[in-house]
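The values are calculated or read from the model by the stated rules, or taken from the named source; none is laboratory data. Please read these numbers as outputs of a predicted model, since none were measured by experiment. Cβ placement follows ideal geometry from the backbone for every residue including glycine, while neighbour counts extend to all protein chains displayed. Accessible surface areas use protein heavy atoms only, side chains included; no ligands, DNA or RNA. Shrake-Rupley method; radii C 1.70, N 1.55, O 1.52, S 1.80 Å.
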Amino acid sequence: MAKIIRASGAKTSVPSVPKKPAKKVAKAVSKAKKSRKPKPWTPAEIHEAFSRFRKANPEPKGELEHLNPYTLLVAVVLSAQATDAGVNKATRALFAVADTPEKMLALGENKVRDYIRTIGLYRNKAKNVIALSQKLIDEFGGQVPRTRAEIESLPGAGRKTANVVLNMAYGEHTMAVDTHVFRVGNRTGLASGNTPLEVELGLEKVIPPEFMRHAHHWLILHGRYTCLARKPRCEVCLINDLCRWPEKTV
């Protein structure tokens, strides 16, 4: 009979489970946090946030320089894909010689182009300025219309342009959503949306009427100087205790 020999002290090996790299774990946790839907702002919190904005800056002003509703309209059209500072630098001299549609037409497209040469897309913008000036004279008696649809019908003018003009020139309670307002609305959780229109309608729905006259200016300035795209200044934010952004630093 064959003799069976057993190895003494032999252990059965169990395959080890590879550990998840620390970076992957941290990334997964961060992703999970981001995927959680933030708790909606309460009406009291929204009122508190805009009360703070009002107290800090009771009469906020837009940074585009203008002389009247017409020059405001032109400045906003020129500001597409350009900075306010860059537009102001070009329009100071332009508006000194052409502050009405009639004067702009007399100046002509070539000369307008020379004035705004430092602004991006200046050739197409000069063409739009002349075309909208002609349409204002032909259809609106040389005056900037007071409805969104009519302003949007002008060459180079879109919904944001209409909202800015209606708010700043005529005191309407409109919400102009630029990149700053879009970022602030989404990041803070005040009004999330995939498009500027979604954010605009969301903000109009939650902001109390008493704040709507200046709301878009407060949000633009907040996004431009505090809630920055790359390095938000959470440490000096007026509403950091109310903000729903999961990555805020305070």
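Tabulated results
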read-out	value
12 Å beta-carbon shell around residue 115, net charge (K/R +1, D/E -1)	+4
Integer Hz, Karplus 6.51/-1.76/1.60 couplings in order for the range 172-179, x for Gly and Pro	6, 7, 10, 10, 7, 9, 9, 4
Tilt relative to the chain, helix 43-56 - C-alpha long axis, 0 to 90 degrees, to 10	60 degrees
Cα long-axis angle, helix 69-78 against the chain (0 to 90 degrees, to the nearest 10)	40 degrees
Carbon/sulfur fraction of accessible area - the chain, other protein chains in place, 1.4 Å, %	56 percent
Solvent-accessible heavy-atom area per residue, rounded to whole Å², over the range 133-238 at 1.4 Å	46 Å²
Sequence-separation-based contact order of the range 133-250, relative, with Cα cut under 8 Å and 6+ spacing, percent	18 percent
The chain, relative contact order in percent, only Cα pairs under 8 angstrom and at least six apart counted	17 percent
Cα long-axis angle, helix 215-225 against the chain (0 to 90 degrees, to the nearest 10)	60 degrees
Protection proxy ranking of 153-161, 120-128 - average other beta-carbon atoms within 10 Å, highest first	153-161, 120-128
Options (1) 59; (2) 55; (3) 48 - which one matches percent of Cα pairs over 23 Å apart as calculated here	(1)
Helical mean residue ellipticity (222 nm; -39500 (n - 2.57) per DSSP H run of 4+; nearest 500) of the chain	-16500 deg cm²/dmol
Length-normalised contact order for the range 43-170 - Cα pairs under 8 Å, 6+ apart - percent	23 percent
